[in-house]
1. Hey, does the stretch A:37-53 have a residue that's surrounded by fewer than 17 Cβ atoms within 10 Å (Cβ to Cβ), among the hydrophobic types (A, V, I, L, M, F, W, C) and within 14 Å of chain B (Cβ to nearest Cβ)?
2. May I ask you to list the residues in the stretch B:39-59 that are in a loop (DSSP other than H, G, I, E, B), more than 10 Å from chain A (Cβ to nearest Cβ) and more than 13 Å from the chain's Cα centre (by Cα)?
3. Among the residues of the stretch A:8-18, is there at least one that is of a type in the set (A, V, I, L, M) and within 26 Å of B:Val4 (Cβ to Cβ)?
4. I'd like the residue in the stretch B:43-66 that is among the acidic types (Asp, Glu) and surrounded by 14 or more Cβ atoms within 10 Å (Cβ to Cβ) and, out of all such residues, is farthest from B:Gly109 (Cα to Cα).
5. Just checking, which of A:Glu63, A:Glu8, A:Glu16 is in contact with a Gly (Cβ under 8 Å, 6 or more places away or on another chain) and closer than 30 Å to A:Pro112 by Cβ?
6. With the requirement that a residue be over 13 Å from the mean Cα position of the chain (by Cα), at the interface with chain B (Cβ under 10 Å from one of its Cβ atoms) and not in a strand (DSSP E or B), what does the stretch A:93-112 give you?
7. Yes or no: the stretch A:104-112 includes at least one residue that is free of Cβ contacts under 8 Å to residues at least 40 places away in the same chain, under 26 Å from B:Tyr48 (Cα atoms) and in contact with a strand residue (DSSP E or B) (Cβ under 7 Å, 6 or more places away or on another chain).
8. Check the stretch B:67-82 and report whether any residue there is at the interface with chain A (Cβ under 10 Å from one of its Cβ atoms), assigned to a loop (DSSP other than H, G, I, E, B) and modelled with pLDDT under 95.
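The values are calculated or read from the model by the stated rules, or taken from the named source; none is laboratory data. As the structure is a prediction and not an experimental result, all values here were calculated from the model. Every residue, glycine as well, gets a Cβ built from its backbone with ideal geometry; the counts of neighbours run over all protein chains shown.
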Amino acid sequence: GDSVTQMEGPVTLSEEAFLTINCTYTATGYPSLFWYVQYPGEGLQLLLKATKADDKGSNKGFEATYRKETTSFHLEKGSVQVSDSAVYFCALSSGGYNKLIFGAGTRLAVHP
Amino acid sequence: GAGVSQSPSNKVTEKGKDVELRCDPISGHTALYWYRQRLGQGLEFLIYFQGNSAPDKSGLPSDRFSAERTGESVSTLTIQRTQQEDSAVYLCASSPAGASSEKLFFGSGTQLSVL
């Protein structure tokens, strides 16, 4: 069945460092791909999405490109801030409706 | 108006008891989803409602789990004869029509602890 694999955390970075969180997927058909973020004490919220191959989703300085050839959707940010500390979840939609299959999540800790 | 609301926010119960978890989706959202998040793990899909029907309940772990939705609004997830492995955060989400590229709006979850 469909699945999402993302790099294990925690990822610990200094402020202004470059961030990459790897995400690969297995799916039949052409899923939409998402990154969700869970800040401490808050609920999950959508960070960005891409709906077809070569699309780039972007928001708050984060970017991810839908790569069909490598079945990947890696999350990147050029310069992280302390406020980016959170758990990041990669997900795909499956089944023609918005049934999301999530990765296990990657905890990011950014230190001043 | 308000976002997705879940109650209770925390529930502690004894093994073997039944529990009911409630979700109030955003008004007008026809699609509603339940997920489970065990400690340190990703979210597991449980069930999907379109209106009051559940075309996909493939994620319900056992027949101890059931869910219903009424009035194309409130949904209740019921766990019978709770077990310790049921301890998790149960998240509800809604979206306007359930299309595959839509944004899901999540509630803050119910933290269930089974002693």
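1. Applying the first criterion (surrounded by fewer than 17 Cβ atoms within 10 Å (Cβ to Cβ)) to the stretch A:37-53 yields A:39-42, A:45, A:51-53.
Then drop every residue that is not among the hydrophobic types (A, V, I, L, M, F, W, C), which leaves A:53.
Going one step further and asking which of them are within 14 Å of chain B (Cβ to nearest Cβ), we end up with A:53.
Yes - at least one qualifying residue is present in the stretch A:37-53.
2. Pass one, the stretch B:39-59, residues in a loop (DSSP other than H, G, I, E, B): B:39-42, B:51-52, B:57-59.
Of the ones still in play, those that are also more than 10 Å from chain A (Cβ to nearest Cβ) are B:39, B:51-52, B:57.
The answer is B:Leu39, B:Gly51, B:Asn52.
3. Quick first cut of the stretch A:8-18, residues of a type in the set (A, V, I, L, M) only: A:11, A:13, A:17.
Of the ones still in play, those that are also within 26 Å of B:Val4 (Cβ to Cβ) are none.
Looking for residues that are of a type in the set (A, V, I, L, M) and within 26 Å of B:Val4 (Cβ to Cβ), one finds none in the stretch A:8-18, hence no.
4. We begin by selecting, within the stretch B:43-66, every residue among the acidic types (Asp, Glu); these are B:44, B:56, B:63.
After this cut, where a residue has to be surrounded by 14 or more Cβ atoms within 10 Å (Cβ to Cβ) as well, the list is B:44, B:56.
On the way: B:Glu44: 13, B:Asp56: 21 Å.
Taking the candidates together, the pick is B:Asp56.
5. On the way: A:Glu8 fails: in contact with a Gly (Cβ under 8 Å, 6 or more places away or on another chain); A:Glu16 fails: in contact with a Gly (Cβ under 8 Å, 6 or more places away or on another chain).
Matching residue, one of A:Glu63, A:Glu8, A:Glu16: A:Glu63.
6. Selection gives A:Gly95, A:Gly96, A:Asn98.
7. Taking the stretch A:104-112 first, the residues free of Cβ contacts under 8 Å to residues at least 40 places away in the same chain are none.
No; the residues of the stretch A:104-112 include none that is free of Cβ contacts under 8 Å to residues at least 40 places away in the same chain, under 26 Å from B:Tyr48 (Cα atoms) and in contact with a strand residue (DSSP E or B) (Cβ under 7 Å, 6 or more places away or on another chain).
8. Here is the first cut: in the stretch B:67-82, the residues at the interface with chain A (Cβ under 10 Å from one of its Cβ atoms) are none.
Checked the stretch B:67-82: no residue is at the interface with chain A (Cβ under 10 Å from one of its Cβ atoms), assigned to a loop (DSSP other than H, G, I, E, B) and modelled with pLDDT under 95.
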